Amino acid sequence: MSEPVTMMAAPMRLDYVFTPGVAQGKNMHGLERGVFIGQRCPKCKKVYTLSRGSCPTDGVPTDEIVELSNTGTVTTYCVVNVPFAGQSIELPYICAQILLDGANLSFMGLIQEIPAGEIRMGLRVEAVWVPPDELGPTMASVKYFRPNGEPDAAFETYKEYL
Amino acid sequence: MADEGVHYSADHVLEYPYVRSVGPTVGAFLTGLRDGKVVGIRGTGGRVIVPPTEYDPDTGDETTDVVDVGPEGVVTSWSWVPRPRPKHPLQTPFAWILVRFDGADTSFLHVMPASGPDEVATGMRVRPEFAPEAERVGHVNDILHFVAVGGGA
Ligand SMILES: [Zn+2]
């Protein structure tokens with residue numbers, strides 16, 4: 001007889017079809033065209049980026065579609081120095097919360113074309129998109145954000161979004 | 001330009017390649033399967049539990065001796081699957097069966113292929129069909145399926 005069995009392969013796998021639904025579908029349709037889409041709440045007038053279709057404060061549908069600017073402000077950031085499994089970007093790199101002009105909600109994006117030591121709150125950035133023939137309904141359509149050369153935004157302009 | 005009526009969907013796969021340690025009790029069961037036999041474990045009052053558990057599920061007492069059971073047994077319950085799904089162990093119509101091996105006091109879940117539900121019955125005698133020795137690894141699928149003993153129901 002051979003050795004007793006002590007281990008068992010127990011792989012888990014879930015194959016499924018993801019349907020983003022109407023609200024996220026609108027955002028993705030924007031990404032497919034190289035445009036950030038916001039959705040405005042009819043009550044509080046806030047514009048949500050990557051909206052799920054309703055205002056979390058007012059609980060009403062965010063029906064109004066707004067095309068947002070390609071530029072925004074870094075509200076806060078993190079410099080990634082620690083290697084990890086599945087890492088695809090050269091270290092160190094910068095992950096930042098970006099508040100697009102005209103939006104009332106920031107989202108996370110990769111910052112490039114600036115040394116990690118020079119990143120700062122208030123940095124003005126612009127989105128760099130993949131070539132037009134590579135655009136798709138995915139955040140991967142945005143390659144990264146980079147400084148756009150404007151003077152830093154005043155803290156007052158983004159202090160509500162930290 | 002903006003066709004807001006676009007509906008998207010995408011195929012996603014979530015996968016974890018887990019390997020887990022099985023411990024001495026389940027390990028004994030899987031070792032048995034790899035070696036082409038079925039074992040149970042003795043619980044409270046001497047009853048034999050298959051597949052073996054680390055403790056008696058009724059009393060919480062620690063289980064003791066590993067004992068050989070079967071290989072034949074009796075179907076205690078079953079459910080017919082006319083259209084197997086992709087992850088089912090068989091891709092032709094089959095029955096999920098609960099088998100109480102000879103010498104066991106609990107039932108064990110496995111599959112039995114059949115051409116129709118009229119070939120399956122509670123109380124029928126069955127035996128496991130093992131994979132060839134070289135293909136057995138210590139997994140419940142070392143039993144390919146069950147077959148009727150002595151000409152079916
Ligand atoms: Zn609102």
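The values are calculated or read from the model by the stated rules, or taken from the named source; none is laboratory data. Everything numeric here is computed off the predicted structure, so don't read it as measured data. All Cβ positions, even for glycine, are placed from backbone atoms using ideal geometry, and neighbour counts span all protein chains on display. Keep in mind that these areas ignore ligands, DNA and RNA; they rest on the heavy atoms of the full protein, side chains included. Shrake-Rupley method; radii C 1.70, N 1.55, O 1.52, S 1.80 Å.
Have a look at A:GLY53, A:GLY25, A:GLY21 and point out the one that is within 13 Å of chain B (Cβ to nearest Cβ), within 21 Å of A:MET139 (Cβ to Cβ) and within 13 Å of the ligand (Cβ to nearest atom).
Going through A:GLY53, A:GLY25, A:GLY21 in turn, the sole match is A:GLY53.
Per-residue answers, yes or no, for (1) within 22 Å of B:TYR8 (Cβ to Cβ); (2) in contact (Cβ under 8 Å) with a residue 24 or more places away in the chain; (3) buried (at least 17 other Cβ atoms within 10 Å of the Cβ):
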position	(1), (2), (3)
A:PRO11	no, no, no
A:THR19	yes, no, no
A:VAL22	yes, yes, no
A:PHE36	yes, yes, yes
A:GLN39	yes, yes, yes
A:CYS44	no, no, no
A:ASP58	no, no, no
A:GLU67	yes, yes, no
A:MET108	yes, no, no
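The set of residues in region A:46-55 that are within 24 Å of A:THR73 (Cβ to Cβ), open to solvent by less than 40 Å² (accessible area, probe 1.4 Å) and in a loop (DSSP other than H, G, I, E, B) comprises A:SER51, A:CYS55. Within region B:81-98, is even one residue touching a residue at least 60 places away in the same chain (Cβ under 8 Å) and not aromatic (Phe, Trp, Tyr)? No, region B:81-98 has no match at all. Restricting the search to strands (runs of 3 or more DSSP E) fully inside region B:5-120 and requiring at least 3 residues that are surrounded by fewer than 18 Cβ atoms within 10 Å (Cβ to Cβ) and within 14 Å of chain A (Cβ to nearest Cβ) gives B:10-16, B:19-21. Among the residues of region B:90-105, those that are within 13 Å of B:VAL38 (Cα to Cα) and over 13 Å from the mean Cα position of the chain (by Cα) comprise B:ASP102, B:GLY103, B:ALA104.
If the condition is being more than 12 Å from the ligand (Cβ to nearest atom), in a loop (DSSP other than H, G, I, E, B) and within 14 Å of chain B (Cβ to nearest Cβ), then region A:56-72 contributes only A:LEU68.
Among the residues of region A:122-131, is any modelled with pLDDT under 95 and of a type in the set (Phe, Trp, Tyr)? Checked against the condition, which is being modelled with pLDDT under 95 and of a type in the set (Phe, Trp, Tyr), region A:122-131 yields no hits at all. Do the conditions hold for A:VAL79, that is, is it closer than 24 Å to A:ILE111 by Cα, open to solvent by less than 70 Å² (accessible area, probe 1.4 Å), outside any loop (DSSP other than H, G, I, E, B) and away from the ligand (no atom under 16 Å from the Cβ)? The answer is yes for A:VAL79.
When region A:38-50 is filtered for residues that are within 8 Å of the ligand (Cβ to nearest atom), of a type in the set (D, E, K, R) and on the phi < 0 side of the Ramachandran plot, the ones remaining, listed by number, are A:LYS43, A:LYS46. Please verify whether A:VAL35 is within 14 Å of the chain's Cα centre (by Cα), in a loop (DSSP other than H, G, I, E, B) and away from the ligand (no atom under 13 Å from the Cβ), treating the condition exactly as stated. Here the answer is yes, as A:VAL35 does meet what is asked.
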